[in-house]
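Peer 1: Would you mind keeping the following structure in view while I ask a few things?
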Amino acid sequence: MATVIVPTPLRKFTGNASRVQVSATTVSDVVSELTLQYPELKRHLRTPDGKIPSFINIFVGDDDIRALQQEQTPVQATSVISIVPAIAGGIDQPKA
């Protein structure tokens, strides 16, 4: 089974599990399996039309799925999938 690393902000929806095992053959299947196991994740990992939101970065190993086959990127039983929500914030510093 593939291992999904759950980011800290989403762990409250997985019973504080930092890693979850899923049976999947593609990244889309990984997200579907996660949202079946943890339904509250769905609003964070899928848009209303069923896509992965652009502000969620997903990696299979060290590779961003955007540089691969996106949601159809293959997943192996030994794959480690990382979900990385985009982080915004900070203050622009005025130029001196």
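The values are calculated or read from the model by the stated rules, or taken from the named source; none is laboratory data. None of the values given here were measured: they were computed from a predicted structure. Here the Cβ is made from the backbone with ideal geometry for all residues, glycine too, and neighbour counts use every protein chain on show.
Peer 1: Of all residues being exposed (fewer than 13 other Cβ atoms within 10 Å of the Cβ) and of a type outside the set (Asp, Glu) in segment 22-48, which is farthest from residue 81 (Cα to Cα)? Just the residue, please.
Peer 2: 48
Peer 1: Considering segment 25-67 alone, what residues qualify as being among the charged types (D, E, K, R) and part of a loop (DSSP other than H, G, I, E, B)?
Peer 2: Once the filter is applied, which keeps residues that are among the charged types (D, E, K, R) and part of a loop (DSSP other than H, G, I, E, B), segment 25-67 yields 46, 49, 51, 62.
Peer 1: Looking at segment 12-21, can you tell me whether even one residue there is out of contact with any Cys (no Cβ under 9 Å at 6 or more places or on another chain), of a type outside the set (A, V, I, L, M, F, W, C) and surrounded by 14 or more Cβ atoms within 10 Å (Cβ to Cβ)?
Peer 2: yes
Peer 1: Give the residue, chosen from 87, 56, 81, 5, that is loosely packed, with under 15 Cβ neighbours inside 10 Å and under 13 Å from the mean Cα position of the chain (by Cα).
Peer 2: 5
Peer 1: Restricting attention to segment 18-40, does a residue exist that is farther than 19 Å from residue 78 by Cα, among the hydrophobic types (A, V, I, L, M, F, W, C) and modelled with pLDDT under 95?
Peer 2: no
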